[in-house]
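Worksheet: one structure, shown below.
The values are calculated or read from the model by the stated rules, or taken from the named source; none is laboratory data. Small disclaimer: the values here were computed from a predicted structure and weren't measured. Please note: Cβ atoms are built from the backbone with ideal geometry, for glycine as well, and neighbour counts cover all protein chains shown. These area figures cover heavy atoms from the full protein model, side chains too; ligands, DNA and RNA do not enter into them. Shrake-Rupley method; radii C 1.70, N 1.55, O 1.52, S 1.80 Å.
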Amino acid sequence: MQDLFSAHMGNHKALDRAFDVVSRACKDAIRREDTDEIDALTKTCAFLLGAKMENRLFRLVYEDGAFGDSAIAGIIGARSIEQAWKTAITEAFAKRYQVRPERVPSGLGFTDRERYKELIRIVDKQLVPVITLRNILAHGQWHRALNSERSRVDTSRMNIMMTTRLWHLMVRANLLEHLVRLVHDLAVTRDAFERDFDKHWADLNAASQRLEQNNYAVWEENLVRRYSKRPKTARRVARG
């Protein structure tokens, strides 16, 4: 188990570096209003964030004491990363409150049943779009997104591809870390989940609300405006 945890930790650090490097390049492209670079780099960031969402889950799964062997088998055997996240949350609640996984959430008390539902809702609403986009891009569909049978262009998948901006990805990367902290406390700690839930939930919900407000255009306009005010020589240096 420790070797697998170390492997996922190393992958986590490498993915963080890659996401930071590519997102910085994408911000520079936004400043310069280079649409071709923005498109390519945004999709690369989406691919990397989808990989981070997978890696962060499995790093947690293999943390010492987080899950038992049967729970790990269920998580890694899930049919999708979306389902793996939901299975991990279910198993963590089952372990903490000593109920069978199939009794989650019905066997939980009211407060924890609502906490469970909210965490599942976050997975559906905030993680699934990025996981879906990562899968689209992994199948080579960087211009037109196809349905699962690859028989036609899929309008809903195209919408995800066309509306995702770097701003959305950066906010979701932040949201992911808050979600991981909550699930970590749920699965690993003795008292921290209940003690710190409200703080972590407030941070997570703040990121979720930012996504609801969808102010990416204002953020991009600010980048362009600040860049345009630089002396021309500074702009050339910034471009390298």
Would you mention how many residues in segment 2-11 are surrounded by fewer than 17 Cβ atoms within 10 Å (Cβ to Cβ) and free of Cβ contacts under 8 Å to residues at least 60 places away in the same chain? 6
List every residue pair whose Cβ atoms lie under 6 Å apart, where the two residues are 6 or more positions apart in sequence or sit on different chains, the first residue falls within segment 145-162 and is within 14 Å of Asn135 (Cα to Cα) and of a type in the set (Gly, Ala, Ser), and the second residue, located anywhere, is modelled with pLDDT of 95 or more and not in a strand (DSSP E or B). Ala145/Ile136; Ala145/Asp154; Ala145/Arg157; Ala145/Met158; Ala145/Met161
Return the residues of segment 188-197 that are assigned to a helix (DSSP H, G or I) and within 18 Å of Ile89 (Cβ to Cβ); say none if nothing qualifies. Val188, Ala192, Phe193, Glu194, Asp196, Phe197
Looking only at residues in segment 89-104 that are touching a residue at least 24 places away in the same chain (Cβ under 8 Å) and charged (D, E, K, R), which one is nearest to Arg190 (Cα to Cα)? Arg96
Could you tell me whether Arg150 is open to solvent by 60 Å² or more (accessible area, probe 1.4 Å) and in contact with a strand residue (DSSP E or B) (Cβ under 6 Å, 6 or more places away or on another chain)? no
Candidate set from segment 23-66 (those that are of a type in the set (Ser, Thr, Tyr) and in contact (Cβ under 8 Å) with a residue 12 or more places away in the chain); member that is most open to solvent (accessible area, probe 1.4 Å): Thr44
Which residues, taken from segment 69-110, are small (Gly, Ala, Ser), open to solvent by 40 Å² or more (accessible area, probe 1.4 Å) and not in a helix (DSSP H, G or I)? Gly77, Ser80, Ser106, Gly109
Considering every residue within segment 88-105, establish whether at least one is closer than 21 Å to Pro129 by Cβ, of a type in the set (Gly, Ala, Ser) and out of contact with any Lys or Arg (no Cβ under 6 Å at 6 or more places or on another chain). yes
Assess whether Arg226 counts as being modelled with pLDDT under 95, part of a helix (DSSP H, G or I), closer than 24 Å to Asp20 by Cβ and open to solvent by 40 Å² or more (accessible area, probe 1.4 Å). yes
Single residue of segment 159-188 satisfying the filter (open to solvent by less than 40 Å² (accessible area, probe 1.4 Å) and of a type outside the set (A, V, I, L, M)) that is farthest from Glu221 (Cα to Cα): Asp185
Could you grab the pairs with beta carbons closer than 7 Å, sequence gap of 6+ or different chains, first residue in segment 189-210 and more than 24 Å from Gly65 (Cα to Cα) and aromatic (Phe, Trp, Tyr), second one open to solvent by 80 Å² or more (accessible area, probe 1.4 Å) and in a helix (DSSP H, G or I)? none
Tell me, please, whether a residue that is out of contact with any Lys or Arg (no Cβ under 7 Å at 6 or more places or on another chain), at pLDDT below 95 and either among the hydroxyl-bearing types (Ser, Thr, Tyr) or farther than 25 Å from Ala84 by Cβ (or both) can be found in segment 59-67. yes
